[in-house]
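Engineer: One structure, as structure tokens, below. Some questions next.
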Amino acid sequence: MATPYVTDETGGKYIASTQRPDGTWRKQRRVKEGYVPQEEVPVYENKYVKFFKSKPELPPGLSPEATAPVTPSRPEGGEPGLSKTAKRNLKRKEKRRQQQEKGEAEALSRTLDKVSLGETAPLPSAPQGSRAAPAAASDQPDSAVTTEKAKKIKNLKKKLRQVEELQQRIQAGEISQPSKEQLEKLARRRALEEELQDLELGL
């Protein structure tokens, strides 16, 4: 956008007053002869930039038809145009992914073995595909339930261990006057043992 100039009768040049976005007006500014506004100053380019801009894309004497893109033949390694290192990295990634899938499959089979111990085997007359679909759908909730139960059992065993340690300390005479919380902990021992038995039978 060119800067609007105003010339008065004395021959002086002014930048015309303009309105700001908020509605106020900028004052006129007097400019000297040869003044070039900032937005009209050409961008500086050094000689190297000018040389590379003027340089032709093709070497002298080479016709554009000769440089038509040729469809590259697919190398034996699979991906076109990959370096040896890139191919090696792809192989490593693939191997790592296969090992991870294998590990997940083994973990899944272990959890299935734990879960299916209490269940009866499916009927042989049922088609193979129909058996696999519900099993895959129920794998995740079952494994989540078993891990939750295992956490609860571990927590209960820890609490029972603390109760036993507290009882031994009281009997040894280390604690002469047990606090209210310690007495409540001792009183909860039977309830903790029953809950632990129920959970272990549920597994």
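Engineer: List pairs: first residue in the stretch 31-56 and open to solvent by 100 Å² or more (accessible area, probe 1.4 Å), second residue at pLDDT 85 or above anywhere in the structure, Cβ distance under 9 angstrom, at least six positions apart or on different chains.
Structural biologist: From residues that are open to solvent by 100 Å² or more (accessible area, probe 1.4 Å), the pairs are K53/E45.
A quick yes/no check of all residues on (1) without any contact (Cβ under 8 Å) to a residue 12 or more places away in the chain; (2) surrounded by fewer than 10 Cβ atoms within 10 Å (Cβ to Cβ); (3) under 23 Å from T111 (Cα atoms):
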{"residue": "L156", "(1), (2), (3)": "no, no, yes"}
{"residue": "V163", "(1), (2), (3)": "no, no, no"}
{"residue": "I175", "(1), (2), (3)": "yes, no, no"}
{"residue": "S179", "(1), (2), (3)": "yes, yes, no"}
{"residue": "L186", "(1), (2), (3)": "no, no, no"}
{"residue": "L196", "(1), (2), (3)": "no, no, yes"}
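Engineer: Against the conditions (1) of a type in the set (V, I, T); (2) modelled with pLDDT of 65 or more; (3) under 30 Å from K91 (Cβ atoms), where does T71 fall short? Just the number, please.
Structural biologist: Checking T71 against (1) of a type in the set (V, I, T); (2) modelled with pLDDT of 65 or more; (3) under 30 Å from K91 (Cβ atoms), the one that fails is (2).
Engineer: Here's a follow-up. How many residues are among the hydrophobic types (A, V, I, L, M, F, W, C) and farther than 12 Å from G12 by Cα when one looks only at the stretch 22-36? If you could, list the steps in order and put the result at the bottom.
Structural biologist: Start the filter on the stretch 22-36 by keeping residues that are among the hydrophobic types (A, V, I, L, M, F, W, C), which leaves 25, 31, 36.
Restricting the remaining residues to those that are farther than 12 Å from G12 by Cα gives 25, 36.
Residues in the stretch 22-36 being among the hydrophobic types (A, V, I, L, M, F, W, C) and farther than 12 Å from G12 by Cα: 2 in total.
Engineer: When you scan the stretch 78-100, do you find a residue that is at pLDDT below 85, open to solvent by 100 Å² or more (accessible area, probe 1.4 Å) and not polar (S, T, N, Q), even just one? If you could, list the steps in order and put the result at the bottom.
Structural biologist: The first filter runs over the stretch 78-100 and keeps only residues at pLDDT below 85, leaving 78-82.
Retained after the next criterion (residues that are open to solvent by 100 Å² or more (accessible area, probe 1.4 Å)): none.
No: the stretch 78-100 contains no residue that is at pLDDT below 85, open to solvent by 100 Å² or more (accessible area, probe 1.4 Å) and not polar (S, T, N, Q).
Engineer: Of the residues A126, A132, A105, A150, only one is under 30 Å from L192 (Cβ atoms) and either open to solvent by less than 100 Å² (accessible area, probe 1.4 Å) or modelled with pLDDT of 75 or more (or both); which? Don't jump to the end; show me each part of the working.
Structural biologist: Numbers: A126 fails: under 30 Å from L192 (Cβ atoms); A132 fails: under 30 Å from L192 (Cβ atoms); A105 fails: under 30 Å from L192 (Cβ atoms).
On inspection, the qualifying residue turns out to be A150.
The values are calculated or read from the model by the stated rules, or taken from the named source; none is laboratory data. Since this is a predicted model, take the numbers as computed values, not measurements. Every residue, glycine as well, gets a Cβ built from its backbone with ideal geometry; the counts of neighbours run over all protein chains shown. Each accessible area value is taken on the protein alone, full model and side chains, heavy atoms only, with ligands, DNA and RNA left out. Shrake-Rupley method; radii C 1.70, N 1.55, O 1.52, S 1.80 Å.
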